[in-house]
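Structure first, then comments.
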C-alpha cells in the first residue's frame, strides 16, 4: 500500500512539473501529460530508456474506428474489459484490426492497446485509473523481460462518443 501511495505521489509530481513547464505536443496538453506519466510507469527506475510520445496509427486509424461497443460489460453496464473478438468488419475482429493497424511495430517486444472511459477525469485521475488496471488488448508480446527494453513509445488520444470521453493508449516497448 505504501508503494502505491509513493507511485501516486510521484505521478502527481510528474504531472505538476509538466503543467508548470508548459509541456505540450502529440495532441492536446492532456494527452501529453497522460502519455508522460504512463511512460514513467513503464520506465520505472531505468533512466536508459529512450521515450517517444508518438504512435501515429493511434490517431489516424484506431481512433476513427473506436466505438464503446469494443468494451465487454457486466449485466449492470460496468466496463469489464475489451472484446478481442468484437467484429470490426467482414470477418475481422478487434484483435486483428489492432494487429493490422499496428503492424509497423510487429518486431517490437511488446505492443498493447488500452481504452477506458475518462469522462470528467483530470489527467492525474486518468493516470491513477491506468495504474489501477484498465481494459487492454495485447497486440504483440515476445515475452521479453521489461528491463531488456531500451525504447518506449506511448501514444495517447481521446475520443468523445455520445457525450462520453474515452482515453485511448498504445504502448510499444522495444530494444
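Evaluate segment 125-141: report whether one residue or more is on the phi > 0 side of the Ramachandran plot and either part of a strand (DSSP E or B) or over 13 Å from the mean Cα position of the chain (by Cα) (or both).
no
In segment 154-175, what residues are modelled with pLDDT under 95 and surrounded by 18 or more Cβ atoms within 10 Å (Cβ to Cβ)?
If the condition is that a residue be modelled with pLDDT under 95 and surrounded by 18 or more Cβ atoms within 10 Å (Cβ to Cβ), then 173, 174 are the ones that fit.
Tell me which strands (runs of 3 or more DSSP E) are completely within segment 31-85 and hold 1 or more residues being free of Cβ contacts under 8 Å to residues at least 60 places away in the same chain, within 15 Å of residue 134 (Cα to Cα) and touching a helix residue (DSSP H, G or I) at 6+ places or on another chain (Cβ under 6 Å), or say none if there are none.
Details: elements: 50-52, 71-73, 79-82.
Result: 79-82.
Return yes or no: is residue 140 in contact with a strand residue (DSSP E or B) (Cβ under 6 Å, 6 or more places away or on another chain) and closer than 19 Å to residue 71 by Cβ?
no
Residue 100 is checked against (1) outside any loop (DSSP other than H, G, I, E, B); (2) touching a residue at least 60 places away in the same chain (Cβ under 8 Å) and fails just one. What number does that condition carry?
Condition (2) is where residue 100 drops out.
Taking segment 88-105 on its own, how many of its residues are at pLDDT below 95 and in contact with a helix residue (DSSP H, G or I) (Cβ under 9 Å, 6 or more places away or on another chain)?
Total meeting the criteria: 3.
The values are calculated or read from the model by the stated rules, or taken from the named source; none is laboratory data. As the structure is a computational prediction, the values presented were derived from the model and not from experiment. Note that each Cβ is placed from the backbone with ideal geometry, even for glycine, and that neighbours are counted across all protein chains shown.
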